[in-house]
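The values are calculated or read from the model by the stated rules, or taken from the named source; none is laboratory data. Small disclaimer: the values here were computed from a predicted structure and weren't measured. Accessible surface is based on the protein model in full, side chains and every heavy atom, while ligands, DNA and RNA are left aside. Shrake-Rupley method; radii C 1.70, N 1.55, O 1.52, S 1.80 Å.
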Amino acid sequence: MLVLVVDSSTPAVTAALVEVTADGVVSRAQRCTVDARAHGELLAPQVDAVLADVDARPADLAAIVAGLGPGPFTGLRVGLVTAATMGQVLGVPTYGVCSLDAIGHPAAAGEPVLAASDARRREIYWAIYDGAGQRITGPDVSAPAVAAQRARDLAVTVAVGDGAHRYADVLGLPLRAEPRYPDPTALAALAAERIRAGAPGDPLTPLYLRRPDAVAATARKPVLP
């Protein structure tokens, strides 16, 4: 089954095509551009590009997988709206996966790992995974020092992700170089069981974890002098 994967939860705008078989998940095509200010401009052309890479059409897709975040509001919405709209138009199921899982799960190698992405405001989005890559706490958003203390409590020995690289001095953990951003093949692998079973699609609820900066006005402003 040919599956489209999109993620816009981090500065990395990602679109990929994977083939889900009975035995595993195989990457067919991928585009990834790191630009925190151009999610809306980049994602749709990248979807077109990966389809063209394998001479496929949208109608050939069996499912769509989207990273649910956590991530900043504007960027994260781009990927989820794209996935939801394509799923509705094409009549195929959409499946959501926590984006941090696509960083922490593939990085786990028999030891606990902290996965982190940049949350701005001198904070990180983070989660902790056991040696088998299963999430044991999170996702959460906090100052890096808070995540570092939780990592010590859970005997974490390594960190991964762009947020871990940005705040390596605070986290005080050895770093894995990759994946720095959500791995699209890992996103698909984490949804593969649902895809193979033909499970009903997900509503793609974003993991924002905190309130937006922009809020509605609480009082009316006078318009006359």
query = How high is the relative contact order of the range 84-213, in percent, counting Cα pairs under 8 Å that sit 6 or more residues apart?
reply = 30 percent
task = Would you mind telling me which residue in Tyr125, Tyr167, Tyr181 has the biggest mean-square fluctuation in a Gaussian network model of the chain, where springs connect alpha carbons within a distance under 10 angstrom?
result = Tyr167
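At 1.4 Å probe size, with every protein chain present, just tell me what the per residue accessible area of the chain comes to in Å². List each step's numbers first, then the result.
Working: 10860 Å² over 225 residues.
Dividing the accessible area of the chain by its residue count gives 48 Å².
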task = For Asp153, Asp169, write out the residues from largest to smallest accessible area, computed with a 1.4 angstrom probe and no ligands counted.
result = Asp169, Asp153
task = Output the relative contact order of the chain, whole-number percent, from Cα pairs under 8 angstrom with separation of 6+ residues.
result = 22 percent
inquiry  = Please report the accessible area of Asp53 (heavy atoms, 1.4 Å probe, ligands and nucleic acids excluded) in Å², nearest 10.
reply    = 80 Å²
key: 3J(HN,Hα) from dihedral phi, the range 152-162, Karplus parametrisation 6.51/-1.76/1.60, rounded to Hz, x for glycine, proline   = 5, 4, 9, 6, 5, 10, 7, 10, 8, x, 4
query = How big is the accessible area of Thr74 in square angstrom, nearest 10, if you roll a 1.4 angstrom probe over the protein chains?
reply = 100 Å²
inquiry  = Using a 1.4 angstrom probe on the protein heavy atoms only, could you order Glu193, Glu123, Glu41 from most to least accessible area?
reply    = Glu193, Glu41, Glu123
request  = Determine the principal axes of the Cα atoms in the chain, then give the extent along each, sorted from largest to smallest and rounded to whole angstroms.
outcome  = 67, 46, 29
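Pop out the carbon and sulfur fraction of the accessible area of the range 44-140 as a percent, whole number, probe 1.4 Å.
Details: 1850 of 3760 Å².
Reported share for carbon and sulfur atoms: 49 percent.
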